[in-house]
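Colleague: Okay, handing you the structure first.
The values are calculated or read from the model by the stated rules, or taken from the named source; none is laboratory data. None of these values were measured; they are calculated from a predicted model. Note that we place each Cβ from the backbone using ideal geometry, even for glycine, and neighbour counts take in every protein chain shown.
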Amino acid sequence: MDAPTSDLADLLARTALRDRAAFARLYRLTSAHLLGVAWRITLRREQAEEVLQDAFISIWQHAGSYQRHVAAPMTWLINIVRNRAIDGLRAGREEAARTHSMDDDALDIPGDPLAEPSQLLAASIARQGLERCMSTLSASQRQAVALAYYRGLAHGEIAETLAAPLGTVKAWVRRGLDRLKTCLGDDPSAEGAA
């Protein structure tokens with residue numbers, strides 16, 4: 001993605017005015033990168049293409065809601081794609097749950113000792129502690145840490161995804177992890193969450 005931020009912001013502004021040429025140029029400049037984002041989340045090319053199509057329909061319809069002072073254009077576009085991809089995954093899981101019938105043999109599988117009520121309660125308490133600590137991070141730190149640990153992205157990939165300098169991304173991750181370590185160390189209920 002070689003287009004400067006100001007060019008993308010201008011294209012979004014023109015798209016909000018229903019300028020089809022600006023929208024086409026926005027698509028040409030960003031679609032390959034955004035398809036990669038969708039693909040990383042869905043892990044399927046066909047589904048990623050559907051996500052991208054839905055995302056660009058949304059971009060066309062909501063370009064007027066983009067605000068330069070809130071986010072970089074690429075960050076805004078990535079968030080739309082990311083949200084569409086996650087919504088698609090959730091919808092697929094819900095559909096599978098509705099259409100998948102459970103046979104009697106599935107009920108004969110012995111229980112997981114880690115799924116005992118006391119273990120589930122401990123895991124829930126630890127997860128709440130982690131969520132509380134994550135909420136203390138800045139939005140940039142939280143997003144960078146989440147991309148690193150939940151998506152397994154390297155610093156360079158995070159920098160590309162967030163359209164931020166590599167050094168800045170490394171600082172966000174390092175400071176975010178330091179803050180989480182301190183927070184989780186102070187919270188005995190969060191033991192084992194990290």
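Colleague: Read through the list (1) surrounded by 17 or more Cβ atoms within 10 Å (Cβ to Cβ); (2) within 18 Å of Ala164 (Cβ to Cβ); (3) of a type outside the set (A, V, I, L, M), then give the number of the only condition that Arg68 fails.
Modeller: Failed condition: (1).
Colleague: Let me ask you something else. Considering only residues of the stretch 176-192 that are surrounded by 13 or more Cβ atoms within 10 Å (Cβ to Cβ) and under 15 Å from Arg142 (Cβ atoms), which is modelled with the lowest pLDDT?
Modeller: Among residues in the stretch 176-192 that are surrounded by 13 or more Cβ atoms within 10 Å (Cβ to Cβ) and under 15 Å from Arg142 (Cβ atoms), the one modelled with the lowest pLDDT is Leu184.
Colleague: Is it the case that Ala63 is loosely packed, with under 15 Cβ neighbours inside 10 Å and closer than 26 Å to Leu89 by Cα? Walk me through it before giving the result.
Modeller: Working: loosely packed, with under 15 Cβ neighbours inside 10 Å: no; closer than 26 Å to Leu89 by Cα: yes.
No, not satisfied.
Colleague: Looking only at the stretch 1-40, which residues are surrounded by 15 or more Cβ atoms within 10 Å (Cβ to Cβ) and of a type in the set (D, E, K, R)?
Modeller: Asp10, Arg14, Asp19, Arg25, Arg40
Colleague: What tally of residues in the stretch 41-53 results from selecting those that are assigned to a helix (DSSP H, G or I) and surrounded by fewer than 18 Cβ atoms within 10 Å (Cβ to Cβ)? Before the answer, list the steps.
Modeller: In the first step, residues of the stretch 41-53 are kept if they are assigned to a helix (DSSP H, G or I); the result is 41-42, 45-53.
Next, only the ones that are surrounded by fewer than 18 Cβ atoms within 10 Å (Cβ to Cβ) stay: 45-47, 49-50, 53.
The total comes to 6.
Colleague: Do any residues in the stretch 153-166 that are more than 9 Å from Thr75 (Cβ to Cβ) and touching a residue at least 40 places away in the same chain (Cβ under 8 Å) have Cβ atoms under 7 Å from those of residues that are acidic (Asp, Glu) and not in a helix (DSSP H, G or I), where the two are at least six apart or on different chains, and which pairs are they?
Modeller: none
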